[in-house]
Amino acid sequence: MKKITLNKKTKIISVSLLFLVVLAVVIIICVNGLKEEEKPLSTYNMKLSYDDENHVLSGEEEITFINNYDNMFTCLYLHLYPNAFREGAKNDLVSVADSDEVYVDGVSYGNIEIKGVSSEGENLNYNIEGEDSNILKVELPVEVYPDESITFSVEFATTLANVNHRLGYGNNAINFGNFYPVICMYEEGVGFKTDLYHSNGDPFYSEVASYQVEIAYPAKYTLASSGSLQLTTEEEGVATSKVSGDKIRDFCFVLSDIFDSVSQKVGSTTLTYYGYEGDSLSSALEISVKALNTFNELFGKYPYSTLNIVKTNFLHGGMEYPNLVMISDNLEDDEIAYVIVHEIAHQWWYGVVGNDEYNHAWMDEGLTEYSTLLFFEEHEEYNVDTASLVKNATESYKTFVRVYTSVNGEVDTSMDRPLNKFDTQPEYVQCTYTKGMLMFDSIRKSVGDRKFFKALKDYYQDFAYKNASPADMIASFIDSTRVDLEGFFNSWLSGDVVIK
Ligand SMILES: [Zn+2]
């Protein structure tokens, strides 16, 4: 061993070095301490098998719930959305006006059957409850305290109705939206949000989670799904696909035996448009790519590796899910571009930044409508006059107010109410989409472009992978613009503002 004796000068340098190292460590600890800790996410591991003859999707899902709340839980509540499709359901599946379009081959029903719930081989007590058999209550084997987790499995069978809807089979494709039990959102001080399905809007609300999904289906079909496809194998006419999705708030897939697809890489995202055989696919792909690029630029980067734009039998214009949007196959040619852009904008407002779509639908729909306008403002080649969009929206809203006032003697123009408090579909559309778009346009005009676009970017960044409440959105806009917009927002949301 060689002993080293330090002289005085070396000692001073060593002490100084030691001080610098300690200081650096302290700084690193402080900086990291200021950063918000990334909490682990709950996970859904699903093994699914689709029986094409009986239109039944059998599944086993293993859920690991991570308690990121301050509360202790002894039971959990899960949505059973497919029960909205069953015979005798309390709420109509669609508004009466849309009935013929959804039930193309006559009335048809579906449902979800829970076959068992277990944890580590032990059966758990569960109950089907809620306002209309729409909730699965699972009694946990132990109390789950903050930062603890519990893993349990649910065995289920979802029967699809013959409907042109988010969940159901039609003549061209099979849609699997909201097909599995998903944990209800928990709000501190409020409890689990167990709102019942409603024909108005998209009555969904969930937390981001990690998904590992294995799907077995007849090999004649092509699969388009949320997440990213890892592998597909085929054996005796059955295809099995493995898909993984991280930080997504729902999982959806579509099967069709007439899909034809085309893909393009946009940065680190592979964008694929699924049309039908014989379709010209290039224009739909082109506008999808432009929408992804434009919103990446305007709001902040789309963080996923996959985005699938999927044509399918669906009665309304389109429907958004994480990494996958459904585009109706009964759209007129001049409607397709608008719907594609709208649904892609939802990847930012609903997908990454979530909100309670049942109680505050204006948050994602209003901002998505306005984002669609922003796209056409940037892309004059589509000949959409955005000033006319605002003018037409204003006229359409004024007509709604006039007609409803003359028929009913009064009109409720408040925006922030639950879906079941809108008496008709037009009332819902006018108060969330149209008025929402006009509200964001009005904010932009009053604070100016620089502050408005900064506010959108900040809102996206601050609430990524979270659910924002109306108060969160208002506070975020005030913080970014340094303009007190509280009274402004409130007068629009309450219905006090008069649009001229
Ligand atoms: Zn929408």
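Only the coordinates and a few stated rules stand behind these numbers; no lab work does. Please read all numbers here as calculations on a predicted model, not as lab measurements. Positions of Cβ are generated from backbone atoms using ideal geometry, with glycine treated the same way; all protein chains shown enter the neighbour counts.
Listing for the model above:
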read-out	value
By average C-beta atoms within 10 angstrom, highest first, the peptides 74-87, 228-241, 38-51, 420-433	74-87, 420-433, 38-51, 228-241
Net charge, Ser118 excluded, C-beta distance under 11 Å - Lys, Arg +1, Asp, Glu -1	-4
Ordering of 202-214, 311-323 by packing [mean C-beta count within 10 Å, highest first]	311-323, 202-214
Within region 259-286, backbone nitrogen closer than 20 Å to the virtual label 7 Å beyond the Cα of Asn293 toward Cβ	262-274, 281-286
Label-point separation in nm, Ala97 to Asn383, each point 7 Å along Cα→Cβ	2.8
Global size of the chain as Cα Rg and Dmax, reported in angstrom	25.2, 100
In sequence order, calculated HN-Hα J values of region 90-97 (Karplus, 6.51, -1.76, 1.60; Hz; x Gly/Pro)	5, 9, 4, 5, 9, 5, 3, 4
Within-11-Å neighbourhood charge of Asn359 [Cβ basis; K, R +1; D, E -1]	-2
Cross-link table Lys193/Lys247; Lys301/Lys466; Lys193/Lys466; Lys39/Lys290, entries beyond 25 Å C-alpha to C-alpha	Lys39/Lys290
Computed log₁₀ I(q)/I(0) - Debye formula, equal Cα scatterers, no solvent, region 324-476, q 0.11, 0.14, 0.16, 0.19 Å⁻¹	-0.45, -0.74, -0.98, -1.34
Inter-site label distance for Leu140 and Lys242 at 7 Å from Cα along Cβ, in nm	3.0
Vicinal HN-Hα couplings computed from phi for region 363-377 (Karplus, 6.51 cos²θ - 1.76 cosθ + 1.60; Hz; Gly/Pro x)	4, 7, 5, x, 5, 5, 4, 5, 5, 4, 4, 4, 4, 5, 5
Residue-averaged [θ]222 nm for the chain, counting only DSSP H segments that reach four residues, each worth -39500 (n - 2.57)	-10000 deg cm²/dmol
Residue order, fewest to most beta carbons within 10 Å, for Asp416, Asp105, Asp250	Asp105, Asp416, Asp250
Cα pair distances exceeding 17 angstrom across region 371-442, given as percent	48
Those aspartates and glutamates that a straight Cα-Cα span of less than 16 Å connects to Lys242, excepting residues fewer than 8 apart in one chain	Glu60, Glu61, Glu62, Glu214, Glu234
Net charge of neighbours whose Cβ lies under 14 Å from the Cβ of Glu207, counting Lys and Arg as +1 and Asp and Glu as -1	-1
Qualifying aspartates and glutamates (Cα of each under 15 Å from Cα of Lys445; at least 8 residues distant if same chain)	Glu377, Asp484
Karplus-derived 3J(HN,Hα), 6.51/-1.76/1.60, for each residue of region 342-356, Hz, glycine and proline x	4, 5, 5, 4, 4, 4, 7, 9, 2, x, 7, 9, x, 7, 6
Estimated FRET transfer efficiency (Val498, Asp70; beta-carbon r; R0 45 Å; 0.05)	0.60
All-pairs Cα distance distribution in region 258-347, expressed in whole percent, bin size 5 Å	3, 15, 28, 29, 16, 7, 2, 0
